[in-house]
Structure formats: C-alpha cells, structure tokens
Amino acid sequence: MRFIILTLFPEAFKSYFDISLIKRALSKKLIKIEVRNLRDWAKDAHKTLDDRPYGGGVGMVMRADVMDRALTALKSKIKSQKSKVILLTPQGQVFNQKLVNKLADYKTLILICGRYEGFDERIRKLVDMEISIGDYVLTGGEIPAMAVLDTVARLVPGVVGKFESTVNESFSDGLLEYPQYTRPENYKGMKVPKVLLSGNHKKVEVWRKQQALKRTRKRRPDLLR
Ligand code: 4H3
C-alpha cells in the first residue's frame, strides 16, 4: 500500500516513520510513503501557498490553484489503481475503526495536510473525502495524517505481527478490549482475577467477553447503539 502525504512541513514526519512497526513495514516494502512539500507547486518567486480571505477577516487561507497543480501532478503518476484523495479537516467525517477498515482496501491514499486558518472552499472540490480525527482544532493536518496512515498501515498484511495482533483489540469486534494482566500476580494487594489463573480457556473466553461488554456499556455506551 502506498501513502502520499502533501504538507508544508515534511520534516514533521521523519521521526515517527523511523520507529517500530512503520519502520519495519517500510523496510519490508509492505508500505511505501512519499512525503511531498506543497511548496514545490507554488509558482511565484515567494512560493506563496496562502492568501488573504475575500470579504476580510483574520488569518490566511490556503490557495486552491497550488493544491490543484499538486494533485494533478500526483494523480497523473497513479495508474488507474484504487486511490483516494483525503483532506484532513475538523469539518470532515469523524474518523473511526470502521472507516480505517474501508480505507485499508485502497492501493494509494493521498493525505493533504493544511496549515493557516483554513482552505479555499474550492479545494474541497478537488478531493474525494474529508476526514476529522476528532472535534478539536490542531495547528496543522500533519497529526491527523499520521493517525490515518498509522491505523490503515497496521491492517496491511504482515505489518502487525503475531505478537502485536489486530484480532483481540479494542474495536476489532466493535467493543472496548477486556482487562489484561501480567506478572506479578499480586501487586500491592491488587490481585489478578482468579479465572485468568484457572487454565480453563473456555471460562477465560467467557469472562473476557463479559468484561468487554461491561466496560463498553460503562465507558462507551454509544458504541453499542
Ligand atoms: C484536522 C486539521 C484538526 C483536524 C486541523 C482534525 C489547520 C486544518 C487549519 C488544520 C486547517 C485549521 N485540525 N480534527 N487543522 O482532524 O488548515 O482548520
């Protein structure tokens, strides 16, 4: 799977892609990441990407013409594969694991990271979808782009190994994960539930399912609706 990130700050991504599972996925060529600087498509001598909003008001707005040139150039290199152009914005569809699963079916994702106060409205016409990672505003779309890349990449076969496993985790069955314990058996009087020490796999499985349901009901009843 291929990810193309369009940003004004390519250096923001380096350290995150150079660790752990993403680093391994890159070296095993399971995923490919191209981080491109939007400024490469700015035309004038000052390489401007933003301008003042028509009608007045505070802040600068990202120009649609620069974005159009960037997307046209990038899309021309993608040969009829299953691809999607995604704009990261607080106005987008709220991101969740269900959407991650859908995005994992694509061959190429182009992730657009904004800066400044917002986008020229015509940029929205150039993209396939808008995603928000939650109801809050960041200084740029880089963190949302990393969240989308990370969550989708870990569903690419081979990226997450047996030890990390995506099977029994929060949201894999629409529920929060059951409580987990490791040694020591008794820590400052807080004991590991007896059932987990019983060796009875059937009982453990039933307990975990009950706990997952109970926890989801208490913490995230919205997930059960
Ligand atoms: C996405 C982008 C929050 C999210 C973002 C989110 C800065 C977009 C600027 C950048 C615009 C403000 N903040 N919730 N911020 O996914 O370029 O709208």
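The values are calculated or read from the model by the stated rules, or taken from the named source; none is laboratory data. Values in this document were obtained by computation on a predicted structure and should not be read as measured data. Positions of Cβ are backbone-derived with ideal geometry, glycine not excepted, and every protein chain shown enters the neighbour counts. When the accessible area is computed, the model is the full protein with side chains, heavy atoms only, and any ligands, DNA or RNA have been set aside. Shrake-Rupley method; radii C 1.70, N 1.55, O 1.52, S 1.80 Å.
Structure values in brief
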item: Within the range 157-173, tally of residues that are over 20 Å from residue 17 (Cα atoms) and either within 16 Å of the ligand (Cβ to nearest atom) or modelled with pLDDT of 95 or more (or both); result: 0
item: Cβ pairs under 8 Å, 6+ apart, first in the range 84-110 and free of Cβ contacts under 8 Å to residues at least 12 places away in the same chain, second within 12 Å of the ligand (Cβ to nearest atom) and among the aromatic types (Phe, Trp, Tyr); result: none
item: Members of the range 157-190 found to be on the phi > 0 side of the Ramachandran plot and either assigned to a helix (DSSP H, G or I) or surrounded by 10 or more Cβ atoms within 10 Å (Cβ to Cβ) (or both), listed by number; result: 158, 165, 171, 174
item: Residue 9 modelled with pLDDT of 95 or more, more than 18 Å from residue 151 (Cα to Cα), touching a helix residue (DSSP H, G or I) at 6+ places or on another chain (Cβ under 8 Å) and within 15 Å of the ligand (Cβ to nearest atom); result: yes
item: Subset of the range 199-219 (residues that are of a type in the set (Lys, Arg) and either in contact with a His (Cβ under 9 Å, 6 or more places away or on another chain) or open to solvent by less than 100 Å² (accessible area, probe 1.4 Å) (or both)); result: 208, 215
item: Pair list, Cβ under 8 Å, 6 or more apart: the range 157-169 residue within 21 Å of residue 105 (Cα to Cα), other residue among the small types (Gly, Ala, Ser); result: 158/25; 159/25; 159/153; 166/172
